[in-house]
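The values are calculated or read from the model by the stated rules, or taken from the named source; none is laboratory data. Keep in mind that this is a model prediction, so the values were computed, not measured. Positions of Cβ are generated from backbone atoms using ideal geometry, with glycine treated the same way; all protein chains shown enter the neighbour counts. All accessible areas refer to the heavy atoms of the entire protein, side chains included, with ligands and DNA or RNA removed. Shrake-Rupley method; radii C 1.70, N 1.55, O 1.52, S 1.80 Å.
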Amino acid sequence: MRCLVPESFSPTERTRVVRESQRGVYDRKTIYKILDEAFVCHAGFSVDGQPYVIPTLFARVGDAICFHGSAASRMLRNLSEGIPVCITVTLTDGFVLARSVFNHSMNYRSVVALGKATLVDGPGEKLEALHAFTEKILPGRWNDARQPSEKELKATSILRLPLSEVSAKIRSGPPEDDAPDYALPVWAGMIPLQLVPGAPIRDERCDASIPTPAYAAHYQR
Ligand SMILES: Cc1cc2nc3c(=O)[nH]c(=O)nc-3n(C[C@H](O)[C@H](O)[C@H](O)COP(=O)(O)OP(=O)(O)OC[C@H]3O[C@@H](n4cnc5c(N)ncnc54)[C@H](O)[C@@H]3O)c2cc1C
């Protein structure tokens, strides 16, 4: 059963967008849409006073972000001890070319989530989290591929960050030039950017009689 969650996150002192505050968004639906479109996040954490920002795959599973990795990695070792983490997700939607160099910008949708992650424990719970994680990123793949062995499960740590202190920031639309600059004979506008999947490339060692699954042939995000 799904618990009732508020439609918006409450901005805290730490998650209040300061510059261009009108671009700050706290609506849960909008934030989840950004998280579901992205598949790479950056996990920021500090160890012995040294900040690390590590890129990694993630998936939103319900009201949490799940990410995984080798139990031996610095990220997993440290975050599993419950140190504070900052997860950042960025979608780049386009370059914004203004008439002045100063006003050049990007259209983007980004999310920052703060908190402490917990380790998903127990082989059953881990398997369930891995299943959800895999299916979020590549729907249909879990049942086709070999399932994780006990040894593989042991070597994998899965972290779960509940989404509670979260902000998004969104820039969209045309350039915003200073009023006098609109008269300049300079091209201005946007160059949209998109992540476009290419045609699947069969592994040389993949038997040619095995059909390409639909989720690979028609991969979409
Ligand atoms: C692709 C991209 C390019 C950018 N380029 C620039 C640039 O060139 N120069 C520049 O100054 N800024 C840039 N930004 C904006 C930048 O991410 C910050 O928003 C900016 O530094 C202002 O921070 P602040 O001082 O208002 O807030 P901070 O004090 O840094 O942050 C306060 C809180 O606001 C929230 N917040 C701040 N920024 C974001 C965000 N982007 N997404 C979600 N939540 C956020 C977080 O919860 C954060 O804890 C870019 C953002 C993106 C996604």
Unit charges at the beta carbon, dipole of the chain: most positive-side option, S10, A199, G189: S10
The range 20-65 shape via C-alpha gyration tensor axes, a/c threshold 1.5: oblate
Describe numerically, in nm with one decimal, the distance between label points set 7 Å from Cα along Cα→Cβ at V101 and at L193. 2.0
Let me have the relative contact order for the range 76-196, percent, based on Cα pairs under 8 Å that are six or more residues apart. 39
Just to confirm my numbers, what's the Cα centroid distance between the range 173-209 and the range 120-153 in Å? 33
With +1 on the Cβ of every Lys and Arg and -1 on the Cβ of every Asp and Glu, and nothing else charged, how large is the dipole of the range 164-221 about its Cα centre, in debye rounded to the nearest 20? 320
Using only the alpha-carbon atoms of the range 43-166, report the extent along each of the three principal axes, biggest first, to the nearest angstrom. 59, 40, 24
The answer for the per residue Cα convex hull volume of the chain, in Å³, is 184
Length-normalised contact order for the chain - Cα pairs under 8 Å, 6+ apart - percent: 25
Taking the Cα centre of the range 78-162 as origin and charging only Cβ (+1 Lys, Arg; -1 Asp, Glu), how large is the dipole, in debye to the nearest 20? 280
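More than 23 Å apart: what percent of Cα pairs in the range 105-204 qualify?
On the way: 2907 of 4950 pairs.
Looking at the range 105-204, the distances longer than 23 Å represent 59 percent of pairs.
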Kindly report, to the nearest 10 Å², the accessible surface of C206 as traced by a 1.4 Å probe over protein heavy atoms only. 50
From the phi of every residue in the range 12-26, what ³J(HN,Hα) in whole Hz does the Karplus formula 6.51 cos²θ - 1.76 cosθ + 1.60 yield, where θ is phi - 60° and glycine or proline is x? 9, 4, 8, 10, 6, 5, 8, 6, 6, 4, 5, 8, x, 10, 10
Nearest 5 percent is fine: what portion of the DSSP beta bridges confined to the chain is antiparallel? 100
Measuring from a point 7 Å past the Cα of D27 along Cα-to-C-beta, which residues in the range 153-197 have an amide N at less than 18 Å? 166-173
If you consider only alpha-carbon coordinates, what radius of gyration and Dmax does the range 40-115 have, in Å? 15.8, 50
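Please report, in debye to the nearest 20, how large the charge dipole of the chain is about its Cα centre when each Lys and Arg carries +1 at its beta carbon and each Asp and Glu carries -1 there.
Once rounded to the nearest 20, the dipole reads 200 debye.
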Distance in nm between S149 and V47 label points, each 7 Å along Cα→Cβ, equals 2.7
May I ask you to derive the relative contact order of the range 11-116, considering only C-alpha pairs under 8 Å and at least 6 residues apart, and to give it as an integer percent? 23
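Using only DSSP helix segments of four residues or longer, with each worth -39500 (n - 2.57), what per-residue ellipticity at 222 nm results for the chain after dividing by its residue count and rounding to 500?
Roughly -5500 deg cm²/dmol at 222 nm, from the helical runs in the chain.
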